[in-house]
Amino acid sequence: MPTPKVTLIIKGLIAIFVKTDRTECTLGVLADVPLGHKLTIIFRKPGATGMVEHKRLEPPNIAINLRLDVQNISQNRVTLRKWPMFINRQVDPTSENKDSFSWAVDLENAELYGSMIGARKSAFTPILTFTNGDLFTILTSRNHLFTQRGIFDTRDFGFVANIIGAQFLLDQPSNSTAVFHNGLEPIVIPDPNADWEIEINNDAPAHSGIVTDANHYYKAVGLGLSEPQRFLFMSNSGGAGPAGPEAACFSGFFSESQPQG
């Protein structure tokens, strides 16, 4: 029988910060977002036909400080699945690498800035923290991300992770507990013997044309970068339609910085 689990699903303009000692992960929901983005947090439980909605949180009923507290499980640190792993962003993911966290856009590794760029904590609302769990890629983009630095330096960056997960295996069902703290409101996952999902979504329901949503990160990160130093992000949705997901609406990973101030 498969081990029951809680899966946190991360979508849209949400920055992911993991401490270098892997003792904590912070998710910062970008507060200043493009038109059409709306934050929702959805709790799902197993139903007769699959996962069904159990509870939904929307502003103003989402607290500034959130915490996912999963206790009495074997994993006591935050891990990054199959990371670092060589991937070719110009080629569709394979069965071997499709869940690797390496598909995430790390703004601070050699693919982009190659150093710490910093982040302003007050520009993220809310902030969610957890201290264990395995970060992985759930789904990569349907199209390629393009980057531009300066007038003539445009690059096909390739496929990126658009939906990221954090998996918490409840491998001691008689003792494992999971509680989502919405500020002072505890939301208990009532059945440790069944799979649950918690989706935190800061995406738009649809995109059309040229998408540049990820450029809004610069309202919160890399504040010391000059305009010529910044990488700008773009993808082409190919016309109106549901978020596909869009390459330029990724959740960004920061492998060095922690939100400050």
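The values are calculated or read from the model by the stated rules, or taken from the named source; none is laboratory data. These figures come from a predicted structure and were not determined experimentally. For neighbour counting, all protein chains shown are included, and Cβ atoms are generated from backbone atoms with ideal geometry for every residue, glycine included.
Screening the range 65-88 for residues that are in contact (Cβ under 8 Å) with a residue 60 or more places away in the chain and among the β-branched types (V, I, T) and picking the one that is surrounded by the fewest Cβ atoms within 10 Å (Cβ to Cβ) gives V78. The one condition from (1) of a type in the set (A, V, I, L, M); (2) at pLDDT 95 or above; (3) surrounded by fewer than 20 Cβ atoms within 10 Å (Cβ to Cβ) that A15 does not meet is (3). Give me the pairs: first residue in the range 198-218 and at negative phi, second residue charged (D, E, K, R) and surrounded by fewer than 24 Cβ atoms within 10 Å (Cβ to Cβ), beta-carbon distance under 6 Å, and six or more apart or on different chains, which are they? Here the result reads N201/K11; D203/K11, each pair linking the range 198-218 to a residue that is charged (D, E, K, R) and surrounded by fewer than 24 Cβ atoms within 10 Å (Cβ to Cβ). Residues that are buried (at least 20 other Cβ atoms within 10 Å of the Cβ) and either touching a Cys at 6+ places or on another chain (Cβ under 8 Å) or more than 11 Å from Q167 (Cβ to Cβ) (or both) within the range 132-142 comprise G133, L135, T137, T140, S141, listed in sequence order.
Give me a count of the residues in the range 67-96 that are over 21 Å from T26 (Cα atoms) and either within 18 Å of the chain's Cα centre (by Cα) or of a type in the set (V, I, T) (or both).
Applying the first criterion (over 21 Å from T26 (Cα atoms)) to the range 67-96 yields 85-96.
Filter again for either within 18 Å of the chain's Cα centre (by Cα) or of a type in the set (V, I, T) (or both), leaving 87, 91, 94.
Within the range 67-96, residues that are over 21 Å from T26 (Cα atoms) and either within 18 Å of the chain's Cα centre (by Cα) or of a type in the set (V, I, T) (or both) number 3.
Tell me yes or no: at least one residue of the range 163-171 is buried (at least 17 other Cβ atoms within 10 Å of the Cβ) and in contact with a helix residue (DSSP H, G or I) (Cβ under 8 Å, 6 or more places away or on another chain). Yes: one or more hits. The residue that is nearest to the chain's Cα centre (by Cα), among those in the range 129-150 that are in a loop (DSSP other than H, G, I, E, B) and closer than 18 Å to D213 by Cα, is S141. Scan the range 214-221 and tell me whether some residue there is of a type in the set (A, V, I, L, M, F, W, C), out of contact with any Cys (no Cβ under 8 Å at 6 or more places or on another chain) and crowded, with 17+ Cβ neighbours inside 10 Å. Checked against the condition, which is being of a type in the set (A, V, I, L, M, F, W, C), out of contact with any Cys (no Cβ under 8 Å at 6 or more places or on another chain) and crowded, with 17+ Cβ neighbours inside 10 Å, the range 214-221 yields at least one hit.
Every test in (1) out of contact with any Ser or Thr (no Cβ under 6 Å at 6 or more places or on another chain); (2) under 19 Å from S255 (Cβ atoms); (3) at pLDDT 95 or above; (4) not charged (D, E, K, R) is passed by W103 save one, and that test is (1). Of the listed requirements (1) touching a helix residue (DSSP H, G or I) at 6+ places or on another chain (Cβ under 8 Å); (2) within 26 Å of Q258 (Cα to Cα); (3) at pLDDT below 95, H207 misses just one: (2). Residue count for the range 106-128, restricted to those that are surrounded by fewer than 23 Cβ atoms within 10 Å (Cβ to Cβ), of a type in the set (A, V, I, L, M, F, W, C), at pLDDT 95 or above and part of a loop (DSSP other than H, G, I, E, B): 3.
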